[in-house]
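Structure record follows, encoded as structure tokens.
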Amino acid sequence: MIAFRRPIAILLAGATLQLAACAPVKEAPRTAAPPPVKAAPAPAPAAADAAAAAGPALWKVADEDTTIYLFGTVHALPASVEWYTGPVAQALAAAQVLVTEIPSGELTTPAVQQAFIARAQLPEGQSLRAILPAERRAAYDAALAKFGLPAAAFDRFEPWFVAITLSTLPLLKAGYSMEAGVESAIEGKAGTEKKRAALETVESQLRLFDELPMDTQIAYLGAVIEQLDQTVPTMNAMVAAWAKGDADALAELLNRELDDPALAERLLYARNRNWAEWIRKRLEEPGTAFMAVGAGHLAGKNSVQDYVTKAGTAVVRVQ
């Protein structure tokens, strides 16, 4: 059973993706970036039906003295994608608190970098190529050669880390970058005057992958390699669906990428329930919060909104 494929981390675990993207590897030459994707202009407030197609989806949970906006992010984007318009900009401006998956700035601390290396590396005396079955090893060596990397480039690293890194390299080549990602832009727009809150830690996101059974990690790496040529087209389709606010299309693409029920529970549904509980508790505190989390968590069945609604609180689509 294939656990998850291609750029799934870009929608589910931004900390892991961002750390993996910093790996000391030779970057392949860039090709032309994907064509620009523009969000449509914001509609008039009365145009409720048009709101859903105005741009990246935005939802609102509110009571008499609290408002929480829910906005789905993509952790890496081409610089050509324009999305910060209308209701999204207004919602962020109105918020006193910016809520993200992990604490702002935590990725750059030496302690986090050291923890990442510790978790990503295999035990002393082991090598990745030695633990790969022969047929997977040949495909793995061929994949590294495509990027001009030596066969031993990742020998000290666990399969989950190598899988995420190999998913990232085609996107970097195609013009995607973390700097153009939604979190980076939102952090800049929020400035220093807004308070910050986080739903998880970098350590907890690393554990999502590092604690996977080794055979699952190897299967993940194998699936990434088999479909490496589809990484960019798949991500382009996800970004196009996200940019026009088509949550149903995004959910369909996500379901293709994450087809193991146990791993869907681990990477997606359990976290969505936790975040819905965070929203329930946050409604007890007056004020306005802007929650920016991976777009995969706000799409399809068992999304954050589903769990909030099941708990008896209404969720309204704003854009």
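Some notes on this structure:
- Residues located in the stretch 67-80, provided they are in contact with a strand residue (DSSP E or B) (Cβ under 8 Å, 6 or more places away or on another chain) and either in a strand (DSSP E or B) or surrounded by fewer than 24 Cβ atoms within 10 Å (Cβ to Cβ) (or both): 67, 68, 69, 70, 71, 72, 73, 77, 78, 79
- Residue count for the stretch 242-285 under the criterion of being outside any helix (DSSP H, G or I), closer than 22 Å to residue 98 by Cα and among the hydrophobic types (A, V, I, L, M, F, W, C): the result is 1.
- Residue list for the stretch 81-113, restricted to those being assigned to a strand (DSSP E or B) and either hydrophobic (A, V, I, L, M, F, W, C) or at pLDDT 90 or above (or both): 97, 98, 99, 100
- Take the conditions (1) exposed (fewer than 14 other Cβ atoms within 10 Å of the Cβ); (2) within 20 Å of the chain's Cα centre (by Cα); (3) not basic (Lys, Arg); residue 292 misses just one of them, which is (1).
So that you can scan it fast, the table gives a plain yes or no per residue for (1) in contact with a Gly (Cβ under 9 Å, 6 or more places away or on another chain); (2) free of Cβ contacts under 8 Å to residues at least 24 places away in the same chain; (3) among the β-branched types (Val, Ile, Thr); (4) closer than 24 Å to residue 101 by Cα:
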position	(1), (2), (3), (4)
205	yes, no, no, yes
212	no, no, no, yes
218	no, no, yes, no
235	no, no, no, yes
240	no, no, no, yes
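- Criterion (hydrophobic (A, V, I, L, M, F, W, C) and surrounded by fewer than 17 Cβ atoms within 10 Å (Cβ to Cβ)) met by exactly one of 235, 214: 214
- Subset of the stretch 116-158 (residues that are touching a Ser or Thr at 6+ places or on another chain (Cβ under 9 Å) and either part of a helix (DSSP H, G or I) or not small (Gly, Ala, Ser) (or both)): 116, 154, 155, 156, 157
- Of the residues making up the stretch 296-319, those that are part of a helix (DSSP H, G or I), aliphatic (A, V, I, L, M) and either out of contact with any His (no Cβ under 9 Å at 6 or more places or on another chain) or surrounded by fewer than 17 Cβ atoms within 10 Å (Cβ to Cβ) (or both) are 298, 308.
- Against the criterion of being without any contact (Cβ under 8 Å) to a residue 60 or more places away in the chain, surrounded by 17 or more Cβ atoms within 10 Å (Cβ to Cβ), farther than 29 Å from residue 299 by Cα and not aromatic (Phe, Trp, Tyr), residue 128 qualifies.
- Number of residues in the stretch 88-106 that are of a type outside the set (Val, Ile, Thr) and more than 18 Å from the chain's Cα centre (by Cα) equals 8.
- Here residue 179 does not fit the description of being under 30 Å from residue 96 (Cβ atoms), in a helix (DSSP H, G or I) and of a type in the set (D, E, K, R).
- Output for the stretch 278-287, where each listed residue is crowded, with 18+ Cβ neighbours inside 10 Å and more than 24 Å from the chain's Cα centre (by Cα): 283
- Residues of the stretch 95-125 classified as among the small types (Gly, Ala, Ser), out of contact with any Phe, Trp or Tyr (no Cβ under 8 Å at 6 or more places or on another chain) and surrounded by 14 or more Cβ atoms within 10 Å (Cβ to Cβ), total: 2
- Being at pLDDT 90 or above, within 24 Å of residue 94 (Cβ to Cβ) and of a type outside the set (S, T, N, Q) holds for only one residue in 225, 279, 218, and it is 279.
The values are calculated or read from the model by the stated rules, or taken from the named source; none is laboratory data. Just so we're clear, the structure is a prediction, and the values are computed from it rather than from any experiment. Because the Cβ atoms are built from the backbone with ideal geometry, glycine has one as well, and the counts that use them run over all protein chains shown.
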